[in-house]
Amino acid sequence: MSERRVLISPSVLAADFARLGEEVRLVEEAGADMIHVDVMDGHFVPNLTLGPAIVRALRSVTDLPLDVHLMIADPGRYAATFVRAGADYVVFHNEACDDPTPLFELIRQEGAKPGLAINPPNPAESIRPHLPEIDLVLVMTVNPGFAGQSFISSVMPKLRSIAHWKRELDLDVAIEVDGGIGPSTAATVVENGGEILVAGSAIFAAEDPAEALRAIRAAGEKALA
């Protein structure tokens, strides 16, 4: 990303699953840049959500990149399955494996782009050595496990550090932010270095999801002006 842009990745965890294809087409027509898929196993986080079948179904209804976030205890066991189901990005948590480097390589070999996620309590330094190895870093601004949580503003110094390292090392890594993102928080996130904004409830629970998506992007872009 040589020139900063604000990209929006709606999280389908907050969508109406009875109308999933329709909801995805709606946000795609509204200008969504990616589709975010939250995968939880009931072990790494205390909730159980989506699996490869949903990724495969999404792949059949959209050409947008599928941004799959694995909040699971054994990402190495399932990463290739999600790539084969249609994932374009596979993002997992550093603490979920002893050495993430082989898994980055496996994800690339399967044809997708690897990413690493960092939770609010964890120091930015824990992922700094891996930034040159990945295509995306996901900064969590809520504790993972449930949709609809409030934005944790104390994560912003961590986000600034990661953005600084990206510039300092001239890295081609996208900085994604997930948790409590809406029109009221988008500008803060972008000002501190966020590039891809993940929004779930703020889009899919809105009366007009398309307008909500546009409002989030506009708020973020205002911070770039």
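Report, in whole Å, the centroid distance computed from the Cα atoms of region 20-70 and region 128-198.
Measuring centre to centre over Cα atoms gives 19 Å.
Setting aside same-chain residues fewer than 8 positions from Lys158, which lysines have a Cα under 16 Å from its Cα?
Of all the lysines, those that pass the test against Lys158 - Cα under 16 Å, at least 8 places apart if same chain - are Lys166.
With springs connecting C-alpha atoms under 10 Å apart, model the chain as a Gaussian network and identify which of Val190, Val68, Val45 has the largest mean-square fluctuation.
Highest fluctuation of the listed residues: Val45.
Counting only residues 5 or more places away or on other chains, whose amide H sits under 5 Å from the amide H of Ile8 once H atoms are built in the peptide plane?
Asp33, Met34, Leu197
State whether the chain is rounded, prolate or oblate according to the following rule on the C-alpha gyration tensor (a ≥ b ≥ c being the square roots of its eigenvalues): a/c under 1.5 gives rounded; otherwise a/b larger than b/c gives prolate, and the remaining case gives oblate. Before the final figure, lay out each step's value.
Working: a/c = 1.45, a/b = 1.05, b/c = 1.38.
Rounded, since a/c falls under 1.5.
Grab the DSSP H runs of the chain that are 4 residues or longer, score each as -39,500 (n - 2.57), total them, divide by all residues and round the 222 nm result to the nearest 500 deg cm²/dmol.
-10000 deg cm²/dmol
Within a 10 angstrom radius of the beta carbon, how do Leu7, Leu20, Leu116 rank from fewest other beta carbons to most?
By the 10 Å Cβ count, ascending, the order reads Leu20, Leu7, Leu116.
Of the residues Ala73, Ala53, Ala186, which exhibits the maximal mean-square fluctuation in a Gaussian network model of the chain defined by a 10 Å Cα contact cut-off?
Per the Cα network of the chain with a 10 Å cutoff, Ala53 tops the list.
Only the coordinates and a few stated rules stand behind these numbers; no lab work does. Source: prediction; values computed, not measured. Glycine gets a Cβ as well: all are built from the backbone with ideal geometry, and neighbour counts include every protein chain shown.
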